[in-house]
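Okay, so here's the structure we're looking at.
The values are calculated or read from the model by the stated rules, or taken from the named source; none is laboratory data. Every value quoted in this text rests on a predicted model; they were computed, and no experiment measured them. With ideal geometry, Cβ positions are generated from the backbone for all residues, glycine too; neighbour counts draw on all protein chains shown.
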């Protein structure tokens, strides 16, 4: 399941799990301070979180520096989800070791370790539970789609044995409109990957009107009037982008607006070996 519906909001599942895990870590730190009279590890947990996020973002920016340096302002646009988790975890652990190295901080080691471990355990248990409760499809959904001219089609027919990017969008969705030029440029540049733009719950007139006014040229625009692809992927949020390899296996997903760098990082995972 890629997103959770909370009232009128559709939130990425990963973001919800992170929030809950942090609440567990802070809650355990508070309990240890209140009932076990141990030092308060909460402020240090916050420091580790900030350091980890900054390091993960910096590592991602350096990895895809060509895309970011072409538009430096985009470095600040963290909505693209550009983070390298291993770099963030390494930075957080390094900060923890550095801060707790002194004898004066020895008493902080135990509550910090218990708090962080509790948060990590909560993340693992919740992630496993979500995986068991909501099976994520691993193959191309056999959903009946319709081209703008009314012709029926399917994702398998459009893929033609190539890797595929499936973008779920709607004309009323601001981040969908903002990322369209990025996807259009990638479609023009990558003949080895099939791009499909599945409009959700709109008719051909609405989709065509948007495309005509936007000036963006797209191939493989289809209509998914029942939002069946979103249901199959477990996402009610827009935009959602699905990345399939040449065998039709779901390799990666992205919720929210794509940047040049975040799209490039996803395409690398499905690109044919001879194009890497």
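Structure above, values below:
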item: Boolean, residue 206 is under 17 Å from residue 3 (Cα atoms) and either in contact (Cβ under 8 Å) with a residue 60 or more places away in the chain or part of a helix (DSSP H, G or I) (or both); result: no
item: Residue list for region 37-63, filter: touching a residue at least 12 places away in the same chain (Cβ under 8 Å) and not in a helix (DSSP H, G or I); result: 38, 39, 40, 41
item: Selection within region 162-177 - closer than 12 Å to residue 207 by Cα, in contact with a helix residue (DSSP H, G or I) (Cβ under 7 Å, 6 or more places away or on another chain) and in a loop (DSSP other than H, G, I, E, B); result: 170, 171
item: Count of residues meeting criterion [part of a loop (DSSP other than H, G, I, E, B) and more than 19 Å from residue 11 (Cβ to Cβ)] in region 232-260; result: 5
item: Output for region 193-205, where each listed residue is surrounded by fewer than 19 Cβ atoms within 10 Å (Cβ to Cβ) and either within 17 Å of residue 241 (Cβ to Cβ) or under 23 Å from the mean Cα position of the chain (by Cα) (or both); result: 201
item: Residue 101, sole failed condition from (1) modelled with pLDDT of 95 or more; (2) exposed (fewer than 15 other Cβ atoms within 10 Å of the Cβ); result: (1)
